[in-house]
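Only one structure is covered here, and it is reproduced in the block below.
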Amino acid sequence: MTFTADAGDAQFGPWNPGIQSQIPAHLRHYCTIFRPENVFTSLADAEEMRDLTGLEFTELVTFQPRRLALHEVLIRVTADLSVPDGSRIEDLGINFRQMTGVLLNRCIEPRMSEIDAIYDAAKRRLSEIVTHELAGLDAAAADSTSALPTAKREFLSFFKRARAPTVVADSDVRDPDELIATWGAKAHSLPDGAEQTAYRALSTVVSALLIRHGSVWGSRQLIASLVTDMACNHFGSDEIGRMIEPWMIHAAEIEGYSLLPRQE
């Protein structure tokens, strides 16, 4: 446990005492968000992306569709189903896990191919939006860096080896601050969906790069990949949730689980 006394932090109080719990680096690979069965992002890539952007690990890892589906099932069991609590203290947890396991086996596992397909479609949609929006922002280097490899790990390794203030936006493209403001306004004005999620992720990533480096570091391809992955954790999860909801209701009826009344 460490105590943070940075004057830039939020005001301290009983609910924010400035105490942080940090996992030692040599134990990070045991964390749920770094397990290969849960995410596409390796620990090494997440560490390099954090070094590049300054963002938290939780914002940088890309969850797999199966893990997003599990998250959606947990939400719906908690919010929509009546879980018997029994006479013992432990009964509620036991019953919750049992019901969740039944629904996963009945609804999710047999139809993972459909879940993977809707996830892939969501990611393609987000990628189209992000690529279009980044057309107004060229964060590539000058001609001397135009032939760099395109793999994310190689890009990140390049930035880690040689940090020179030569990778900046072209003078003939829109100002990054203007784009960030526009994306933020769109994210606040649009209803939930691919566009809103993409604009929020664009604003987050590009703002982080500006704060970290004073300019927008990285190629457009790298930035697009970071933004799309971040947005897909949210929009992909929403799309999966909408797909599995009727499956879960049907399975709950078959299993005799009681649905909670809808709250207005």
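The numbers here are math on the coordinates, done by the rules we state, and not lab data. Since we're looking at a predicted model, the values are computed, not measured. For neighbour counting, all protein chains shown are included, and Cβ atoms are generated from backbone atoms with ideal geometry for every residue, glycine included.
With a Förster radius of 51 Å applied to the C-beta separation of Asp80 and Glu178, the computed FRET efficiency comes to 0.75. Taking θ as phi - 60° and the Karplus parameters 6.51, -1.76 and 1.60, the scalar couplings of the range 114-129 work out to 5, 5, 4, 5, 6, 5, 4, 5, 4, 5, 4, 4, 4, 4, 4, 5 Hz in sequence order, x denoting glycine and proline.
Couplings for the range 55-61, taken from phi via the Karplus curve 6.51 cos²θ - 1.76 cosθ + 1.60 with θ = phi - 60°, read 7, 6, 4, 4, 8, 9, 6 Hz in order; Gly and Pro are left as x.
In order along the range 68-77, the Karplus-derived 3J(HN,Hα) couplings, from 6.51 cos²θ - 1.76 cosθ + 1.60 at θ = phi - 60°, round to 5, 5, 4, 4, 5, 5, 4, 4, 6, 5 Hz, and Gly and Pro are given as x.
Annotation: amide H-H contacts under 5 Å for Thr41 (H modelled 1.01 Å from N, sequence separation of 5 or more, or interchain): Thr62.
Taken about its Cα centre, the range 194-261 carries a charge dipole of roughly 540 debye when the Cβ of each Lys and Arg holds +1 and the Cβ of each Asp and Glu holds -1.
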